[in-house]
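We did not get these values from a lab; they are worked out from the coordinates using the rules stated. All figures in this text were calculated on a predicted structure; none of them were measured in a lab. Don't worry about glycine lacking a Cβ; one is built from the backbone with ideal geometry, like all the others, and counts go over all protein chains shown.
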């Protein structure tokens, strides 16, 4: 995409356009605050700069940011972030790519090759519109470039809901059933596999007082040299004495156990520990992992290429399970395996997992049956 004049669609939200990108933010941010964001982006056209400026202008923590969508352009790629139900579509090599920010705790990110066209919010043709090169104004959508072919197809949200869409936005692909039937699981001893299960597990998880974790966080003026244009997923972190990033609520480093101090800032997410196959391979949790007897990267629709982990056992499905990351959380998802994926938590009876992503906590053990275990170790 060469440098092009964007087009905006009339509406009540706020469009921000600058030479290095475009953004659409909720009207609650206000025009004066949006102008401050625009000014900051002129000095440093980076996604981290946008996020910091938005948090400061909205006087909100990173968990309470207003709805937004932003696309930041570099020489050969486009860094997209979206929070909330803002439609985001890009045309890359003639194909339509969509990014959704619904159902996530903070925001969804995607790095694409530089698109021929990209649209944030409402389609330009639907409402009165006009060109905008470098400005802040009210609107309900903004786009750069010109869509053609498949990209002009009706938006995906107009279709019937996909029954395979999981709770966290990952799409599982149905795998043919294999020979060995699954045993019926015992009655579920965990009355929740989601976040409340952490409190019930007996693990002491710090819970900040209301409004203290993020609302009072002061973000440094400098995001830090680690936020390169090609940086991976970002997380809000505080740092230990040795420079390891940590979840903001931690008092000691999950890597080296030294003290965590200072103010929180956005940084590239570090590896979140590792998974260790008992008697087999150990893999760092740097990104998604798909495991099975003959795992395929197409088993899930993901924003980044997964690491494939082979488990050469006859009772394991070809593509059996996945380890996923969302912010600082590590999650596991059964991929409709024939014989199931079971979670053992701190000596409690095993529970068969659903085919949706389940958050894990330190010490969790994944049981695939017949003595095949996967240990979760070194996690925050």
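Normalising by residue count, the range 6-152 has a Cα convex hull of 93 Å³ per residue.
If both residues of a DSSP beta bridge must be in the range 272-377, then about 85% of such bridges are antiparallel. Here the residues 24, 300, 51, ranked from fewest to most Cβ neighbours within 10 Å of their Cβ, fall in the order 300, 51, 24. Centroid-to-centroid, using Cα positions, the range 37-75 and the range 301-318 are 36 Å apart.
Only alpha carbons enter this Debye calculation for the range 272-377, each as an equal point scatterer, and the log10 of I(q)/I(0) it gives at q = 0.11, 0.19, 0.22 Å⁻¹ is -0.28, -0.90, -1.28. The value of relative contact order for the range 272-377, using C-alpha pairs under 8 Å at least six residues apart, is 24 percent. Among 27-33, 79-85, sorting by the average number of other beta carbon atoms lying within 10 angstrom of each residue, highest first, gives 79-85, 27-33.
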